[in-house]
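Peer 1: Here it is, the structure, as structure tokens.
The values are calculated or read from the model by the stated rules, or taken from the named source; none is laboratory data. The structure presented is a predicted model; accordingly, all values stated were derived computationally and were not measured. Cβ: placed from backbone, ideal geometry, glycine included. Neighbour counts: every protein chain shown.
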């Protein structure tokens, strides 16, 4: 590898951690595996990151930011379509991100760095959802007596609960039911 500045080498390692996370999840994110992916010595990983937990957390936050920033609907989409896209996407390409999100939720109980990253990404999701709701209200598409912040939390809670049931394999919560419940909740919350 050619000479890189400290920041460039740190970014190479972080990008390698992101690739490993998407491929193998948190359990595959060993320092040795990440170093191999980045084509650096394991000592370089330790030199650039305070801990493996810090590296995992940074990679997770970067991945979730990518997921939240993904343009799943066109610029002419309605605010309802944008909200639906933020809360649940049919795009199967995001499944590795969703699997990582689920894994982080489980690991949060045991790993304070993952918990902190998970809480940060939950707040990021809430902020993006709230912004869409506020924009829909300002455009006159949504009407509500509740605050956008409260509505965002309720919708996120519904999605997380539905996803939990989906993961358990409850047939009544497969994709069509997920879509139906999400659409009904959006209607109840924002078209009153």
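Peer 1: So which of 151, 186, 133 ends up being under 17 Å from residue 68 (Cβ atoms) and either in contact with a strand residue (DSSP E or B) (Cβ under 7 Å, 6 or more places away or on another chain) or in contact (Cβ under 8 Å) with a residue 12 or more places away in the chain (or both)? Walk me through how you get there before you give the answer.
Peer 2: On the way: 151 fails: under 17 Å from residue 68 (Cβ atoms); 186 fails: under 17 Å from residue 68 (Cβ atoms).
Selected residue: 133, the only one of 151, 186, 133 that is under 17 Å from residue 68 (Cβ atoms) and either in contact with a strand residue (DSSP E or B) (Cβ under 7 Å, 6 or more places away or on another chain) or in contact (Cβ under 8 Å) with a residue 12 or more places away in the chain (or both).
Peer 1: Follow-up. Can you tell which of 116, 57 is assigned by TED's automatic domain parsing to the domain that holds residue 185, under 25 Å from residue 7 (Cα atoms) and modelled with pLDDT of 95 or more?
Peer 2: Working: 57 fails: assigned by TED's automatic domain parsing to the domain that holds residue 185.
On inspection, the qualifying residue turns out to be 116.
Peer 1: Tally time: how many residues in the stretch 161-174 are in a helix (DSSP H, G or I), out of contact with any helix residue (DSSP H, G or I) (no Cβ under 8 Å at 6 or more places or on another chain) and either within 21 Å of residue 105 (Cα to Cα) or not assigned by TED's automatic domain parsing to the domain that holds residue 85 (or both)?
Peer 2: Selection size over the stretch 161-174: 2.
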